[in-house]
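Just below is one structure, and these are the notes that go with it.
The values are calculated or read from the model by the stated rules, or taken from the named source; none is laboratory data. Computed from a predicted model, the values in this text were never measured in an experiment. Neighbour counts run over all protein chains shown; Cβ positions are idealised from the backbone, glycine included. Heads up: the accessible areas ignore ligands, DNA and RNA and are worked out on the full protein's heavy atoms, side chains in. Shrake-Rupley method; radii C 1.70, N 1.55, O 1.52, S 1.80 Å.
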Amino acid sequence: SGLDAEGSRFDFVENPPRRVMIVGGVHITQFLAPMAQSAGYDVVVIDPRAVFATSERFPGITCMTGWPDEVMADITPDSRTAVVTLTHDPKIDDPGLIAALQSKAFYIGCLGSRRTHAARSDRLRDAGFDADALGRLHGPAGLDIRAKTPAEIAVSILAEMIAVERTQERAGS
């Protein structure tokens, strides 16, 4: 808070940064991370496989080598954070999804086919998540633009993420 020249009070409102946590330093991430950064998101790439989360693969992007649930325990996703899982490996993606579902993340996207998503939903249901929680998952992630290449898939994911964020802003949630 402060006072202006007329003695009127004003408040500074500082929103936390818009963030996206991408689980998996895979090929699609090499397109999604810089695109999201250009769109105004602070980007964190999380991958326990050190060879995938490197500054050589992701120049100018924060890379963290650790299990997604452990990293997210340190930097908890908030209502201005999106989480996207891209490894196709349940041993890596599922802990990230569990941490994301336990957070206030505004968007949780998961790569994979409808069949992969059904199996993922079954595993998460077995882990104790109900239909409302599972309804927060966007899987397969991305708008259906008939994307084929990694760059096109990244565009579809980023577009869906922004659409969800802006819709929630308009709804006041």
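Amide H neighbours of residue 54 under 5 Å, counting only residues 5+ apart in sequence or on other chains, H built in-plane at 1.01 Å?
So residue 54 has HN proximity to no qualifying residue.
For the range 54-95, what size does the Cα cloud have along each of its three principal axes, sorted from largest down, in whole Å?
On the principal axes, the range 54-95 reaches 26, 25, 16 Å in Cα extent.
Considering Cα pairs under 8 angstrom that are at least six residues apart, work out the relative contact order of the range 91-145 and quote it in whole percent.
45
For residue 126, put the label point 7 Å out on the Cα→Cβ axis and report which residues of the range 65-96 keep their amide N under 17 Å from it.
Inside the label zone: 89-96.
Quick one: if the Förster radius is 25 Å, what FRET efficiency do residue 104 and residue 152 give, using the C-beta to C-beta distance and rounding to 0.05?
Working: r = 30 Å, r/R0 = 1.18.
Given R0 = 25 Å and the Cβ-Cβ separation, E is 0.25.
What distance in nm separates the two pseudo spin-label positions at residue 50 and residue 115, each 7 Å out from Cα along the beta-carbon direction?
So the label points at residue 50 and residue 115 sit 3.7 nm apart.
With the cut-off at 1.5 for a/c, could you classify the range 22-82 from its C-alpha gyration tensor as rounded, prolate or oblate?
Here the range 22-82 falls in the oblate category.
Which whole-number value in Å² is the accessible area per residue of the range 90-173, probe 1.4 Å?
So the range 90-173 comes to 54 Å² accessible per residue, rounded to a whole number.
When the distances between all Cα atoms of the chain are binned every 10 Å from zero, what whole-number percent does each bin get?
Histogram of Cα-Cα distances, whole percents per bin: 10, 39, 33, 10, 5, 2, 0.
Looking at the chain, which longest stretch skips every one of the GluC sites (Glu not before Pro) that is in a DSSP loop with at most 15 other Cβ atoms within 10 Å, leaving the sites themselves out?
With a cap of 15 other Cβ atoms within 10 Å, the longest stretch comes to 57-173.
Mean Kyte-Doolittle of at least -1.0 and a Cα length of 24 Å or more along the axis: which whole DSSP H helices of the chain meet both?
Length and hydropathy pass: 150-171.
Using alpha-carbon pairs under 8 Å, 6+ residues apart, how would you state the relative contact order of the chain in percent?
With pairs under 8 Å counted, the relative contact order is 19 percent.
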